[in-house]
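As structure tokens, the structure follows; a few thoughts come after it.
The values are calculated or read from the model by the stated rules, or taken from the named source; none is laboratory data. Keep in mind that this is a model prediction, so the values were computed, not measured. When we count neighbours, we look across all protein chains shown, and the Cβ atoms used for this are built from the backbone with ideal geometry, even at glycine.
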Amino acid sequence: MIQETKALFIIFGGTGDLARRKLYPALFKLYQKNYLKKHFAVIGTARREWSDDYYQEIVSQAVSDEDTVTEEAREFASHFRYQSHNVNDTEHYETLKILADSLDQEYSIEGNRLFYLAMSPSFFGTISKNLKDQQLVTEKGFDRVIIEKPFGSDFPSAKKLNDQIRNTFDESQLYRIDHYLGKEMIQNLMAVRFGNSLVESFWNHRYIKNIQITLSESLGVEERGGYYDTSGALRDMVQNHVLQLVSILAMEPPQTFCAENVTKEKVKILSSLKYYSKEELDNHFVRGQYAENPARPDEYSAYRQEEKVDEKSSTETFVAGRLEIQTPRWKDTPFYIRTGKRLKDKTTQIDVELVNHSLPLFGEKETAKTVFSLKVDPDKGISLYLNGKKAGPIIELESIELSKLYTKEELVNSPEDYEKLIGDVLKGNSTNFVHWDELAASWKFIDHIRGMWDSTTPEFPNYPSGSMGPEASDKLIAQDGFSWFLN
């Protein structure tokens, strides 16, 4: 039986694109499923001067299909209030407290508050301090803070930010979102690994040749050029999404499936990543930047031609790397990662190539790869590629696929990333969120790479839009005798 959670949401950045595209639809889904119903309210804050009526209309439209706004959407939006807010003005927090206390009483929320920081991280410390000083943090209910990335631009800035927030909230109250951890197939990965003795029995260096992680995007930087040119693929994708997937793939089985034990095992992996010397890094990591495609010049522009991007920018839009995890389970097993913009397709896929212990019964012909694949986006499912007999009068091997792809009908009741994660926050379940110790370990590893990269100027651009990245990415994996399974 679904139990409603009483909660007041205060969203800093309530007029932003993230709120409209992700947060309001996610909250509406939770409302439709009765996780939120009578005893909830939302305060949206931002600099704009909006009325409650206008804000409620924006919310109604955000959760409705096309131009049709349903009565259910309007009833949902009636729980929303708006306050124009300057995060640096302490008087605005006093007004916010009056409104919050009023809504708490009106909807019988019992002091439960969720603060969603959907704005620039530079304001996180200021907001946290004022929430405490102006007594918006309650004592009779729960106080939980949802934090969007980017959380810092390196370890020192992330630590400074974390220290500022921790002056008000403790770690158990912080929910740092990485939306990949809300994806159905990423959460399914743990179920497949730890729910099947067959899979866990071969999940080690004796039976796995290599593991490949591909997060490819077909779009360019679009309207994010200003931010992206100060970040790049290493910080924007590898530091968070990619390393989170690596930690889940490589972790040891936790004692129990709870936030504390899962975090402990993930931190062990992130702390076991090998730090390369400059020479090793040149052999084990590749960076790239997209150019226009000569065959399709009208369709693709070069990164340096994007809006708000420096025309001489050396920011990478592609990263491929060979990671080494220094634990007994993964001795000498490479983890290959690859992510970039303006690639051939938008795809997220994990491929685990198994050792082929085939007996020489079928001649000298090389057998096909044995691969376990987890398809995350856009397809969702699991495939196992094996060698089998080709139909015919003689014994001839061919690759066969054992596959379970989820249909739209099967996924219709599966919550979207943000719905799932916000639902977890309501329950107080932080298992699928990023703990500070994970963040610290990943930033230290990324800073090591970034520091060496910043000492040289790369030859950019080096791959055409619509490809799968620079040729050096293929050579990176080929030097170990492997090739990308997804191409």
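Is one or more of the residues making up region 356-379 under 30 Å from Glu459 (Cβ atoms) and either part of a strand (DSSP E or B) or modelled with pLDDT under 95 (or both)?
no
Limited to region 453-481, what total is found for residues that are crowded, with 18+ Cβ neighbours inside 10 Å and not in a helix (DSSP H, G or I)?
10
Just wondering, is there one or more residues in region 259-278 that are touching a residue at least 40 places away in the same chain (Cβ under 8 Å), within 21 Å of Phe460 (Cα to Cα) and assigned by TED's automatic domain parsing to the domain that holds Met185?
Yes, some residue in region 259-278 is touching a residue at least 40 places away in the same chain (Cβ under 8 Å), within 21 Å of Phe460 (Cα to Cα) and assigned by TED's automatic domain parsing to the domain that holds Met185.
Check off (1) farther than 19 Å from Arg338 by Cβ; (2) buried (at least 16 other Cβ atoms within 10 Å of the Cβ); (3) not assigned by TED's automatic domain parsing to the domain that holds Glu222 for Tyr406 and give me the number that stays unchecked.
With (1) farther than 19 Å from Arg338 by Cβ; (2) buried (at least 16 other Cβ atoms within 10 Å of the Cβ); (3) not assigned by TED's automatic domain parsing to the domain that holds Glu222 applied to Tyr406, the lone miss is (3).
If you take just the helices (runs of 4 or more DSSP H) that sit entirely in region 122-235, which of them hold at least 3 residues that are within 29 Å of Thr370 (Cβ to Cβ)?
Those helices (runs of 4 or more DSSP H) span 184-194, 197-202.
Condition first: assigned to a loop (DSSP other than H, G, I, E, B) and within 16 Å of Leu131 (Cα to Cα). Now tell me which residues in region 107-121 satisfy that.
Gly111, Asn112, Ala118, Met119, listed by residue number.
If Thr367 satisfies every condition in (1) surrounded by 18 or more Cβ atoms within 10 Å (Cβ to Cβ); (2) in contact with a Leu (Cβ under 7 Å, 6 or more places away or on another chain) but one, which is the exception?
(1)
Only one of (1) surrounded by fewer than 20 Cβ atoms within 10 Å (Cβ to Cβ); (2) under 23 Å from the mean Cα position of the chain (by Cα); (3) not aromatic (Phe, Trp, Tyr); (4) not in a helix (DSSP H, G or I) fails for Arg450. Which number is that?
It fails just one condition, (4).
Can you tell me which residues in region 253-275 are over 16 Å from Phe194 (Cβ atoms) and either in contact with a His (Cβ under 8 Å, 6 or more places away or on another chain) or among the aliphatic types (A, V, I, L, M) (or both)?
If the condition is that a residue be over 16 Å from Phe194 (Cβ atoms) and either in contact with a His (Cβ under 8 Å, 6 or more places away or on another chain) or among the aliphatic types (A, V, I, L, M) (or both), then Val267, Leu270, Leu273, Tyr275 are the ones that fit.
Return the only residue of Arg304, Arg329, Arg296 being over 16 Å from Val242 (Cβ atoms), among the basic types (Lys, Arg) and in a loop (DSSP other than H, G, I, E, B).
On inspection, the qualifying residue turns out to be Arg296.
Per-residue answers, yes or no, for (1) modelled with pLDDT of 95 or more; (2) in contact with a Pro (Cβ under 7 Å, 6 or more places away or on another chain):
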residue: Leu117; (1), (2): yes, no
residue: Leu131; (1), (2): yes, no
residue: Gln135; (1), (2): no, no
residue: Asp143; (1), (2): yes, no
residue: Pro150; (1), (2): no, yes
residue: Asn162; (1), (2): yes, no
residue: Ile165; (1), (2): yes, no
residue: Leu174; (1), (2): yes, no
residue: Gln187; (1), (2): no, no
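Residues being in contact (Cβ under 8 Å) with a residue 24 or more places away in the chain, among the β-branched types (Val, Ile, Thr) and over 26 Å from Gln32 (Cβ atoms): count how many of those fall in region 65-124.
Count: 2.
Please name all residue pairs, on different chains or six or more residues apart, with Cβ atoms under 8 Å, provided the first residue is in region 320-332 and is under 13 Å from Lys268 (Cα atoms) and modelled with pLDDT of 95 or more and the second residue is of a type in the set (Ser, Thr, Tyr) and part of a loop (DSSP other than H, G, I, E, B).
Going by the 8 Å Cβ cut-off, the qualifying pairs are Ile325/Ser272; Ile325/Thr333; Gln326/Ser272; Thr327/Ser272.
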